[in-house]
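The values are calculated or read from the model by the stated rules, or taken from the named source; none is laboratory data. Keep in mind that what you see is a predicted model, and the values were worked out from it rather than measured. Ideal geometry is used to build each Cβ from the backbone, glycine not excepted, and the neighbour counts take in all protein chains shown.
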Number of protein chains: 2
Amino acid sequence: MVSEFEIIHRFFQRELAAPGVLLGIGDDAAILMPDAGSALVVAVDTLVAGRHFPDQTDPVSIGHKALAVNLSDLAAMGAQPRWATLALTLPKADEAWLSGFAEGFFALADRFHVALVGGDTTRGPLSMTVQVQGQVDAARALRRDAAKPGQHIFITGTPGDAAFALQQLQAGEAVEAALLARLNRPEPRIALGMTLAGVAEAAIDVSDGLLADIQHMLDASACGAQINVDAIPRSQALLSLDVESALTCQLNGGDDYELCFTVDADRVEQVYQAAEDSAVSIAEIGIIEPQPGIRCVHEDGSPCTLKVGGFDHFANNHD
Amino acid sequence: MVSEFEIIHRFFQRELAAPGVLLGIGDDAAILMPDAGSALVVAVDTLVAGRHFPDQTDPVSIGHKALAVNLSDLAAMGAQPRWATLALTLPKADEAWLSGFAEGFFALADRFHVALVGGDTTRGPLSMTVQVQGQVDAARALRRDAAKPGQHIFITGTPGDAAFALQQLQAGEAVEAALLARLNRPEPRIALGMTLAGVAEAAIDVSDGLLADIQHMLDASACGAQINVDAIPRSQALLSLDVESALTCQLNGGDDYELCFTVDADRVEQVYQAAEDSAVSIAEIGIIEPQPGIRCVHEDGSPCTLKVGGFDHFANNHD
């Protein structure tokens with residue numbers, strides 16, 4: 001049987017001299033030195049087996065996703081990732097599983113120069129809570145409450161893919177690898193988020209579903225929006241569906257971890273340039289309006305009548 | 001049914017202007033401003049129902065303990081608590097339970113001026129991960145690896161009480177209220193920890209058991225210790241036990257969240273004064289020695305022959 005201390009030591013403790021880490025894993029707490037003048041940005045997310053990822057998900061993907069969903073929150077603030085902690089609850093100390101989980105976690109952490117500085121391992125039903133610490137110039141941070149009428153609304157990537165992949169999995173169908181990766185290995189939009197800080201206005205990452213998350217942004221900003229549903233980019237996979245099914249995935253599906261953000265009209269060109277520099281595709285999908293609520297329309301201006309619904313762990317059974 | 005957003009809003013979102021909080025609950029991440037020149041101290045701990053607290057534990061105690069075990073880690077670093085996040089996994093949204101949990105959590109948070117700045121609520125088997133952020137002058141922080149031969153070893157309070165309370169609970173016996181509080185409502189030694197920063201040398205909080213945690217400190221410091229087991233303060237409750245049972249609780253029991261720390265001989269008087277100022281009882285229980293290992297002795301110098309064992313979630317079934 002692998003002990004708790006062996007788990008920490010063998011799989012998670014690495015001899016890296018990470019910037020700003022005065023004391024890492026192995027004490028009661030980590031000691032970190034943020035850059036002078038920067039604000040600290042802190043996000044935390046829990047993944048529960050069978051709820052945030054299907055039970056059969058491979059451990060490399062789980063390790064990736066546990067960190068990715070948190071980095072996505074930092075991206076939505078325009079923050080630079082620095083440090084992470086990992087609280088891991090395991091039914092048993094399975095070395096192959098732990099090795100895969102660590103591989104997925106650190107592969108992503110290394111890409112974004114995130115140091116794992118602490119954590120906790122406990123025995124129980126499989127779940128994990130990752131917290132990330134980043135930094136940002138507070139005056140340039142992207143917030144949910146900064147949307148104002150007239151701002152253009154943008155989305156990265158092709159939302160809806162993760163929901164479609166999950167639908168296929170749950171129906172017992174084969175899922176094409178690229179589509180499955182959109183569910184299991186979401187790509188946090190860190191480079192773009194950092195470039196957008198001080199350029200874009202409001203931002204949110206799309207985890208509950210595009211319309212639900214836009215509504216969160218609108219609630220915080222006390223305004224509304226018109227969304228052109230035909231302008232939302234659709235992946236090859238979604239093009240195989242009828243329009244109504246595809247739009248349902250795009251508007252209501254969760255787990256995309258794309259960035260939705262608003263931009264003043266005179267900075268739209270700057271934002272397209274930022275996206276090109278970050279090699280992330282973006283699309284303009286609507287406009288902020290003064291009256292509350294979301295008005296979904298088609299390209300020709302006719303109203304879109306699809307039922308709207310977001311992801312809420314406690315109100316729905318949708319996972 | 002209470003929704004995720006209602007839970008956050010009703011039970012955990014408070015309109016407090018907390019120092020250093022530029023943006024609190026309600027965005028993708030919190031934005032915090034640490035004091036200039038201070039290092040950031042980060043600790044994280046998970047509590048799982050049935051493992052870290054008995055299933056029948058009242059929610060007020062669970063809320064207290066979830067934060068207390070983390071604050072205890074900050075105390076062991078000599079850090080001042082600042083901010084916390086809470087990731088809460090619940091089988092269902094039970095309003096009475098949530099109200100009790102929030103009461104216990106915030107009562108302790110308010111005492112130490114800790115602001116809850118973010119979190120996550122998910123559905124699943126009951127567990128919670130709290131992360132606390134504190135600050136410290138990095139040069140004065142207490143670390144596990146600073147023990148050196150000749151230093152005096154101290155312990156706060158009366159270790160072993162939590163283990164004795166748990167024994168009684170598991171045997172189905174009535175537990176006296178003050179003793180039960182030692183298990184359910186541990187008191188983080190924050191004021192003393194902060195006073196000891198720059199005065200004491202090595203420190204650790206006792207969560208796995210006194211000997212196990214002293215051994216962690218010795219491992220990190222590459223030295224050993226002699227412990228006078230008769231010098232470990234014994235509560236009234238433990239005095240009712242035979243000496244061997246009492247010592248087993250004191251040496252091997254977990255969950256005490258007392259501070260164990262080492263002090264240079266010329267600062268012992270200063271440490272007694274610090275304890276008096278913080279209204280925390282302390283006792284000198286041994287001395288750091290060059291040779292590895294812990295040598296337990298009685299007051300008269302004869303060896304103590306009790307079996308030594310710590311708390312390890314994966315190696316033992318001890319919880």
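If you check B:Gly301, B:Gly253, B:Gly286, B:Gly309, which single one turns out to be surrounded by 22 or more Cβ atoms within 10 Å (Cβ to Cβ) and at pLDDT below 95?
Answer to the selection: B:Gly253.
Inspect all residues belonging to segment B:146-162 and state whether any of them is farther than 24 Å from B:Leu180 by Cα, out of contact with any Cys (no Cβ under 7 Å at 6 or more places or on another chain) and of a type in the set (Asp, Glu).
no
Within segment B:133-167, track down each residue that is in contact with a Lys or Arg (Cβ under 8 Å, 6 or more places away or on another chain) and at the interface with chain A (Cβ under 8 Å from one of its Cβ atoms).
B:Gln133, B:Gly134
Output yes when any residue across segment B:118-128 is at pLDDT 95 or above, acidic (Asp, Glu) and not assigned by TED's automatic domain parsing to the domain that holds B:Gly286, and no when none is.
no
Among (1) part of a strand (DSSP E or B); (2) surrounded by 20 or more Cβ atoms within 10 Å (Cβ to Cβ); (3) not assigned by TED's automatic domain parsing to the domain that holds A:Arg82, which single condition is A:Ala162 missing?
Every listed condition holds for A:Ala162 apart from (1).
From the list A:Arg123, A:Arg140, pick out the single residue that is charged (D, E, K, R) and more than 30 Å from B:Thr46 (Cβ to Cβ).
Details: A:Arg123 fails: more than 30 Å from B:Thr46 (Cβ to Cβ).
Going through A:Arg123, A:Arg140 in turn, just one is charged (D, E, K, R) and more than 30 Å from B:Thr46 (Cβ to Cβ): A:Arg140.
I want to confirm something. Restricting to segment A:104-123 and keeping residues that are in a loop (DSSP other than H, G, I, E, B) and surrounded by fewer than 21 Cβ atoms within 10 Å (Cβ to Cβ), which single residue is farthest from the other protein chains (Cβ to nearest Cβ)? Walk me through it before giving the result.
Going residue by residue through segment A:104-123, those that are in a loop (DSSP other than H, G, I, E, B) are A:112-114.
With surrounded by fewer than 21 Cβ atoms within 10 Å (Cβ to Cβ) added as a condition, the list becomes A:112-113.
Numbers: A:Phe112: 15, A:His113: 17 Å.
It comes out as A:His113.
For residues in segment B:188-211 being within 12 Å of chain A (Cβ to nearest Cβ) and modelled with pLDDT under 95, which is nearest to B:Gln135 (Cα to Cα)?
Of everything passing the filter in segment B:188-211, B:Ser207 is nearest to B:Gln135 (Cα to Cα).
From the residues in segment B:124-139 that are under 30 Å from A:Gly50 (Cβ atoms) and among the β-branched types (Val, Ile, Thr), which one is surrounded by the most Cβ atoms within 10 Å (Cβ to Cβ)?
First pass over segment B:124-139, keeping only residues under 30 Å from A:Gly50 (Cβ atoms): B:124-132.
Remaining after also requiring among the β-branched types (Val, Ile, Thr): B:129-130, B:132.
Numbers: B:Thr129: 33, B:Val130: 31, B:Val132: 27.
Applying the filter and picking the extreme gives B:Thr129.
Can you say whether B:Ala202 is within 14 Å of the chain's Cα centre (by Cα), under 30 Å from B:Ser221 (Cβ atoms) and crowded, with 17+ Cβ neighbours inside 10 Å, as far as the supplied structure shows?
Numbers: within 14 Å of the chain's Cα centre (by Cα): no; under 30 Å from B:Ser221 (Cβ atoms): yes; crowded, with 17+ Cβ neighbours inside 10 Å: yes.
For B:Ala202, the condition - within 14 Å of the chain's Cα centre (by Cα), under 30 Å from B:Ser221 (Cβ atoms) and crowded, with 17+ Cβ neighbours inside 10 Å - is not met.
How about segment A:197-230: which of its residues are of a type in the set (S, T, N, Q) and touching a Cys at 6+ places or on another chain (Cβ under 9 Å)?
From segment A:197-230, those of a type in the set (S, T, N, Q) are A:207, A:215, A:221, A:226, A:228; that's our starting set.
Once the filter is applied, which keeps residues that are of a type in the set (S, T, N, Q) and touching a Cys at 6+ places or on another chain (Cβ under 9 Å), segment A:197-230 yields A:Gln226, A:Asn228.
Tally up the residues in segment A:55-97 that are within 12 Å of chain B (Cβ to nearest Cβ) and of a type in the set (Ser, Thr, Tyr), please.
Residues flagged as within 12 Å of chain B (Cβ to nearest Cβ) and of a type in the set (Ser, Thr, Tyr) within segment A:55-97 amount to 3.
Just to verify a result, which residue in segment A:26-54, among those that are within 19 Å of A:Phe112 (Cα to Cα), surrounded by fewer than 19 Cβ atoms within 10 Å (Cβ to Cβ) and in contact (Cβ under 8 Å) with a residue 60 or more places away in the chain, is farthest from the other protein chains (Cβ to nearest Cβ)? Walk me through it before giving the result.
Restricting attention to segment A:26-54, the residues satisfying the condition of being within 19 Å of A:Phe112 (Cα to Cα) are A:32-35, A:38-45.
This time we only want the ones that are surrounded by fewer than 19 Cβ atoms within 10 Å (Cβ to Cβ), so: A:33, A:35, A:38.
Still in the running and in contact (Cβ under 8 Å) with a residue 60 or more places away in the chain: A:35, A:38.
Working: A:Asp35: 11, A:Ser38: 9 Å.
The extreme case among them is A:Asp35.
What's the total number of residues in segment A:183-234 that are assigned to a helix (DSSP H, G or I), among the small types (Gly, Ala, Ser) and closer than 20 Å to A:Gln250 by Cβ?
Looking only at segment A:183-234, we keep the residues that are assigned to a helix (DSSP H, G or I), and these are A:183-184, A:190-196, A:210-221, A:229-231.
After this cut, where a residue has to be among the small types (Gly, Ala, Ser) as well, the list is A:191, A:193, A:212, A:220-221, A:231.
Next, from what is left, pick out any that are closer than 20 Å to A:Gln250 by Cβ: A:212, A:231.
Selection size over segment A:183-234: 2.
State yes or no: is B:Val60 within 22 Å of A:Val42 (Cβ to Cβ), among the hydrophobic types (A, V, I, L, M, F, W, C) and at pLDDT 95 or above? Break it down stepwise before answering.
On the way: within 22 Å of A:Val42 (Cβ to Cβ): no; among the hydrophobic types (A, V, I, L, M, F, W, C): yes; at pLDDT 95 or above: yes.
So B:Val60 fails the test.
I'd like the residue in segment A:217-237 that is closer than 20 Å to A:Thr158 by Cα and not hydrophobic (A, V, I, L, M, F, W, C) and, out of all such residues, is farthest from the other protein chains (Cβ to nearest Cβ).
Per the stated criteria, the residue is A:Gln236.
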